[in-house]
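One structure is given here, and the rest of the page talks about it.
Just so it is clear, none of the values below were taken in a lab; they were calculated from the coordinates. Keep in mind it's a predicted model, so treat the numbers as computed, not measured. Every residue, glycine among them, receives a Cβ derived from its backbone with ideal geometry; neighbour counts consider all protein chains shown.
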Amino acid sequence: MQTQVETEKDTTKDPGKLKARLDELKRMRDEIRVKIHLAGMDARDSFHEIEPELDKAEHELTRMGKGAVRAVDKAERELTNLAEDAAEAVARSLDSLAASLHRIRDRLPK
């Protein structure tokens, strides 16, 4: 197995190897860009799931007046569950992104 220094020497002597390493870094960069984009889409989708519940709760509050406390409690529970699900989805996306960043860092010359 080659050391990091040996690998760097091989890369500087062989333009093909340098290009291959640069291509790998570009591929990893693009992968991270996609993961960030997907995390944003997950967050947006989660909000779109929650938004109708907010509208429904607002409508019920307006309609029910004094009896709205039960509706608010129910809507709050539902929204809390949806928000927790959204947070978990975004956390999974961020974990995946962090793993990709660590892989890139590990491949960079030291």
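Pick out, from Met28, Leu97, Leu61, the residue whose Cα sits farthest towards the positive end of the charge dipole of the chain, with +1 on the Cβ of Lys and Arg and -1 on the Cβ of Asp and Glu.
Result: Met28, furthest along the dipole toward the positive end.
Measure nothing fancy, just the Cα-based angle from helix 15-64's long axis to the longest principal axis of the chain, in degrees from 0 to 90, nearest 10.
The angle comes out at about 0 degrees.
For the chain, find the longest principal axis of its Cα atoms and tell me its angle to the long axis of helix 68-107, 0 to 90°, nearest 10.
It is inclined by approximately 0 degrees.
Given R₀ = 41 Å, FRET efficiency for His102-Lys74 by Cβ-Cβ distance, to 0.05?
Once rounded, the FRET efficiency stands at 0.45.
Among [x] 13, 26, 19, 15, 12, 8, 6, 2; [y] 10, 20, 18, 16, 11, 9, 8, 6, 3, 0; [z] 11, 23, 30, 25, 9, 2, 0, only one was calculated for this model; which label is it, if the read-out is P(r) over Cα pairs in 10 Å bins from 0, in percent?
Given [x] 13, 26, 19, 15, 12, 8, 6, 2; [y] 10, 20, 18, 16, 11, 9, 8, 6, 3, 0; [z] 11, 23, 30, 25, 9, 2, 0, the calculated one carries the label [x].
Find the lysine pairs in the chain meeting two conditions, Cα atoms under 17 Å apart and a separation of 8 or more places or different chains, and report how many there are.
8
I'd like the orientation of helix 4-13 relative to the chain: the angle between its Cα long axis and the longest Cα principal axis, in ° from 0 to 90, rounded to 10.
So the inclination is approximately 70 degrees.
Let me test this: with uniform point scatterers at the alpha carbons of region 69-110, what is the Debye-based log₁₀ I(q)/I(0) at q = 0.28 1/Å?
Treating every Cα as an identical point scatterer, log10 I(q)/I(0) equals -0.86.
Let me spell out the model: positive unit charges on the Cβ of Lys and Arg, negative unit charges on the Cβ of Asp and Glu, origin at the Cα centre of the chain. What dipole size does that give, in debye rounded to 20?
700
What FRET efficiency do you get for Lys56 and Ile36 if R0 is 35 Å and r is their Cβ-Cβ distance, rounded to the nearest 0.05?
0.65
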